[in-house]
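Please read the structure below before turning to the comments.
The values are calculated or read from the model by the stated rules, or taken from the named source; none is laboratory data. The shown structure was predicted, so the numbers you read here are calculated from the model rather than taken from an experiment. Quick reminder, even Gly has a Cβ in these numbers, built from the backbone with ideal geometry, and neighbours come from all protein chains shown.
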Number of protein chains: 2
Amino acid sequence: MQLLEERIRKDGKVLPGDVLKVNSFLNHQLDAELLDAVGAEIAGLFKDCGVTKVLTAEASGIAIACFVALHLHCPALFAKKSKTSNIGSGVWSAKAHSYTHGNDYTMIVSKEYLSGEDTVLIVDDFLANGSALRALRDLCTEAGAKVAGAGIAIEKTYQGGGDELRAEGLRIESMARIASMDAEDGIRFC
Amino acid sequence: MQLLEERIRKDGKVLPGDVLKVNSFLNHQLDAELLDAVGAEIAGLFKDCGVTKVLTAEASGIAIACFVALHLHCPALFAKKSKTSNIGSGVWSAKAHSYTHGNDYTMIVSKEYLSGEDTVLIVDDFLANGSALRALRDLCTEAGAKVAGAGIAIEKTYQGGGDELRAEGLRIESMARIASMDAEDGIRFC
């Protein structure tokens with residue numbers, strides 16, 4: 001998606017430790033008009049898939065998920081992150097690992113809002129090693145829900161998580177796919 | 001706002017401990033079309049105030065803030081919550097207390113995104129005792145930003161936080177104002 005790639009080139013900052021800082025428009029400060037356009041694009045790609053629910057993870061996935069849901073005319077649902085694995089019986093849960101923070105956490109959604117009746121579109125801001133996306137998919141599997149696919153804002157393809165999950169049969173549509181990035185040479189898109 | 005009051009009457013659940021559970025449409029599962037309407041209503045009330053930034057707190061304020069920002073054609077910014085008060089010099093911070101979780105926390109925003117040039121509209125899902133709203137206002141004061149006011153989805157007026165902050169000069173517009181609520185008698189709006 002050209003609009004997003006241009007914005008990443010303009011305002012994204014490549015930092016040491018393979019960090020792409022996009023918090024001026026994607027995950028601290030939010031450019032609502034850009035995210036609405038990204039949401040509309042993702043929604044358009046999955047408009048014929050019978051999606052009943054958009055699932056994301058707090059906090060940085062919420063904004064995009066809302067706009068996707070608006071364009072698909074269905075609710076969004078955000079998984080809450082818990083540091084304990086000691087959770088109640090009223091929730092679906094799945095474990096994930098944060099490479100950024102170096103810890104494990106548990107994703108949780110209430111059983112009230114996800115069931116075998118649902119067809120889910122998973123949405124997130126980043127896809128790198130795929131841990132968060134895998135956990136969101138596992139949550140859906142546990143709930144017996146069908147997964148239509150995943151809509152991602154930025155995929156770091158060189159980290160391989162996306163291709164692993166595609167090989168497992170998950171349809172993934174990423175709006176900007178980064179082939180490589182480097183503080184000196186900048187960002188190269190696929 | 002009639003649409004929101006009707007939805008609270010229909011799907012809100014009053015639980016022991018003065019809890020109004022609205023997580024089927026406001027803060028776990030999100031009704032994007034309803035939140036877009038709430039966002040448009042809040043934006044309309046502040047459209048002539050020169051708002052340059054919509055400020056909220058993660059995670060449950062993000063959805064409404066995005067829609068307000070979309071309708072005001074300005075960015076949204078969400079304060080991150082930290083349990084430590086040991087924070088860096090690159091951020092504005094303010095302390096708040098969570099009556100739900102019984103702990104103190106610190107709200108943080110990057111100095112890159114909030115300055116004396118800004119006119120801020122604060123947005124949140126709930127206003128009860130006012131601790132979160134006060135912290136968000138204090139963040140703006142610390143940054144030297146002007147505060148145009150606050151747009152709130154649901155205010156529990158009987159908890160008094162809103163009136164205290166109004167008495168301090170803050171303009172607050174709440175889309176649904178609850179005068180009292182009770183598991184048996186239901187919810188009474190102002």
Of all residues in segment A:144-155, which are out of contact with any Cys (no Cβ under 9 Å at 6 or more places or on another chain) and crowded, with 22+ Cβ neighbours inside 10 Å? A:Ala150, A:Gly151, A:Ile152, A:Ala153, A:Ile154
Against the conditions (1) under 15 Å from the mean Cα position of the chain (by Cα); (2) assigned to a strand (DSSP E or B); (3) more than 9 Å from chain B (Cβ to nearest Cβ), where does A:Val38 fall short? Just the number, please. (2)
Of the numbered conditions (1) crowded, with 20+ Cβ neighbours inside 10 Å; (2) without any contact (Cβ under 8 Å) to a residue 60 or more places away in the chain; (3) more than 19 Å from A:Gly61 (Cα to Cα), A:Cys190 fails exactly one; give the number of that condition. (1)
Going through B:Ala135, B:Ala76 one at a time, which residue ends up being over 26 Å from A:Lys83 (Cβ atoms), touching a strand residue (DSSP E or B) at 6+ places or on another chain (Cβ under 8 Å) and of a type outside the set (Val, Ile, Thr)? B:Ala76
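The rows are residues; the columns are (1) in contact (Cβ under 8 Å) with a residue 12 or more places away in the chain; (2) in a strand (DSSP E or B); (3) within 17 Å of the chain's Cα centre (by Cα).
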{"position": "B:Val147", "(1), (2), (3)": "yes, yes, yes"}
{"position": "B:Glu155", "(1), (2), (3)": "yes, yes, yes"}
{"position": "B:Asp163", "(1), (2), (3)": "no, no, yes"}
{"position": "B:Leu170", "(1), (2), (3)": "yes, no, yes"}
Given the conditions (1) among the hydrophobic types (A, V, I, L, M, F, W, C); (2) free of Cβ contacts under 8 Å to residues at least 60 places away in the same chain; (3) crowded, with 22+ Cβ neighbours inside 10 Å, every one holds for A:Val91 apart from (3)
Among the residues of segment B:75-88, how many are surrounded by 19 or more Cβ atoms within 10 Å (Cβ to Cβ) and more than 8 Å from chain A (Cβ to nearest Cβ)? 1
Restricting to segment B:24-52, name every residue that is more than 21 Å from B:Val14 (Cβ to Cβ) and of a type in the set (Asp, Glu). B:Glu33, B:Asp36, B:Glu41, B:Asp48
Hits in segment B:10-48 - residues which are touching a strand residue (DSSP E or B) at 6+ places or on another chain (Cβ under 7 Å) and exposed (fewer than 14 other Cβ atoms within 10 Å of the Cβ): B:Lys13, B:Leu15, B:Lys21
Would you check if there is a residue in segment A:101-120 being under 15 Å from the mean Cα position of the chain (by Cα), farther than 25 Å from B:Lys21 by Cα and not basic (Lys, Arg)? no
Exclusive hit being polar (S, T, N, Q) and modelled with pLDDT of 95 or more, set B:Ser174, B:Ser89: B:Ser174
Looking only at segment A:89-100, count every residue that is within 16 Å of the chain's Cα centre (by Cα) and within 13 Å of chain B (Cβ to nearest Cβ) and tell me the total. 0
I'm checking my understanding of the structure. Among residues of segment A:20-35 that are part of a strand (DSSP E or B) and free of Cβ contacts under 8 Å to residues at least 12 places away in the same chain, which one is nearest to A:Glu5 (Cα to Cα)? A:Lys21
With the requirement that a residue be more than 8 Å from every other protein chain (Cβ to nearest Cβ) and either surrounded by fewer than 22 Cβ atoms within 10 Å (Cβ to Cβ) or in a helix (DSSP H, G or I) (or both), what does segment B:52-67 give you? B:Thr52, B:Ile64
